[in-house]
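See structure below.
The values are calculated or read from the model by the stated rules, or taken from the named source; none is laboratory data. The structure displayed is predicted, hence computed values, not measured ones. No Cβ is skipped: glycine too gets one built from the backbone with ideal geometry, and neighbour counts run over all protein chains shown. Ligands, DNA and RNA are excluded from the accessible area calculation, which covers all protein heavy atoms including side chains. Shrake-Rupley method; radii C 1.70, N 1.55, O 1.52, S 1.80 Å.
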Amino acid sequence: MKIVSVINYKGGVGKTTVTSNVAAQLAYIGYRVLVLDMDAQASLTFSLVTPDFWDNTLREDKTIKSWFDCISEGETTLPLSDLVYTPPKVNSKLPRGGNGCLDLISSHLGLINVDLELATLLGGANLKQSKVNYIKVHGKLKSALVELGERNNYDIVLIDCPPNFNIVTKNAIIASDQILIPAKPDYLSTLGIEYLQRSMNELISEFNEFGSLDDNFETVDPEVLGVVFTMIQIRNQEPIAAQKQYIAQTRRLDIPVFENNFRENKTIFAEAPQDCVPVVLNGYSNPTYSGIVDELEAFVTEFISRSGGLGE
Ligand SMILES: Nc1ncnc2c1ncn2[C@@H]1O[C@H](COP(=O)(O)OP(=O)(O)O)[C@@H](O)[C@H]1O
Ligand SMILES: [Mg+2]
């Protein structure tokens, strides 16, 4: 089971759109996929289930917040598999009799407070105790996903992260085999990519250094799969000049960049969440739509190949 976090400090860069479409396409071609929504804005959750349904059925005890609450209250955590829900609408679009599935662990608007509560568990009577607590708090999701992997046979878990670098995001990074970075090709986003990479490297070395105090500790080493550019404006079959410049600039950084990207189309991408089915699985009715679906499929093919294959 491969664990991939979808991360960017910035909000509104397409993280959730990338996550939902990659997950849906992977499920369509036969992979067993779990998406974990860790963003308090719960956009991924509400792209797969309606707010009413979430409110009536999931909110109380079937969100990732219930799991984090166990930690902050000092209780044993629930198994993550208790929190899984299979959204029927998107799953009804998958080929009948195939192996693929798309499951969800939903988010909760109250997740915004979880970070503060977790932060109170850090620190300790002495430096050694602080380091032990640091590993405990930041390594929780990793342990829980290892346990989930033993119970459920998912090929991949995709984690949609919040637009910050709090303890929740750090848990996702530590738990990950690979990191996918959606970004818009503009000035601030390009700056943000280098900063994100630096922060991730610092986190990983600190975690491994503190962890080395424990003989049973396993080093973590998440790999950056690459940057995927989103909201690309196409003129004459290529990105507009301003965007091309930032794409080229990112390619010169020491970070992989995907060949395929997500084109901008406000109508098509903005309407899909309301329907609870990602763009890539919707029946297309015109050439613009089918062109976008072809591009999403091409991106997912590249994603599988860069990730070194799934489900092995
Ligand atoms: N390729 C795209 N073209 C046009 N609009 C997009 C595209 N991708 C995302 N959007 C829109 O931009 C907004 C932010 O996207 P979202 O995926 O939620 O970003 P994030 O998760 O990074 O905050 C949403 O309203 C979404 O519908
Ligand atoms: Mg989002």
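Things to note:
- Residue count, region 207-240 (criterion: without any contact (Cβ under 8 Å) to a residue 12 or more places away in the chain and closer than 21 Å to Thr169 by Cα): 3
- The residues of region 99-120 that are in contact (Cβ under 8 Å) with a residue 12 or more places away in the chain and among the aliphatic types (A, V, I, L, M), listed by number, are Leu102, Leu104, Ile105, Leu109, Leu111, Ile112, Val114, Leu118, Ala119.
- Every residue from region 154-188 that is in contact with a strand residue (DSSP E or B) (Cβ under 6 Å, 6 or more places away or on another chain), more than 27 Å from Leu116 (Cα to Cα) and of a type outside the set (Phe, Trp, Tyr): Asp155, Ile156, Ala183, Pro185
- Any hit, region 18-32, residues being within 10 Å of ligand 1 (Cβ to nearest atom), under 17 Å from Ala175 (Cβ atoms), surrounded by 24 or more Cβ atoms within 10 Å (Cβ to Cβ) and within 12 Å of the chain's Cα centre (by Cα): yes
- Scanning region 72-120 for residues that are more than 21 Å from Lys140 (Cβ to Cβ), of a type in the set (D, E, K, R) and part of a helix (DSSP H, G or I) yields a single hit, Lys89.
- Asp69 being surrounded by 18 or more Cβ atoms within 10 Å (Cβ to Cβ) and not in a loop (DSSP other than H, G, I, E, B): yes
- Sole residue being surrounded by 20 or more Cβ atoms within 10 Å (Cβ to Cβ), out of contact with any Lys or Arg (no Cβ under 9 Å at 6 or more places or on another chain) and not acidic (Asp, Glu), chosen from Pro95, Pro87: Pro87
- Any hit, region 139-154, residues being outside any helix (DSSP H, G or I), within 18 Å of Asp221 (Cβ to Cβ), more than 16 Å from the chain's Cα centre (by Cα) and not basic (Lys, Arg): yes
- Residues of region 169-203 satisfying the condition of being of a type in the set (A, V, I, L, M), open to solvent by 10 Å² or more (accessible area, probe 1.4 Å) and in contact (Cβ under 8 Å) with a residue 40 or more places away in the chain: Leu188
- Taken over region 241-251, the criterion of being within 23 Å of the chain's Cα centre (by Cα) and without any contact (Cβ under 8 Å) to a residue 40 or more places away in the chain is satisfied by Arg251 alone.
- Total residues in region 54-66, condition assigned to a helix (DSSP H, G or I) and either surrounded by fewer than 17 Cβ atoms within 10 Å (Cβ to Cβ) or at pLDDT below 95 (or both): 3
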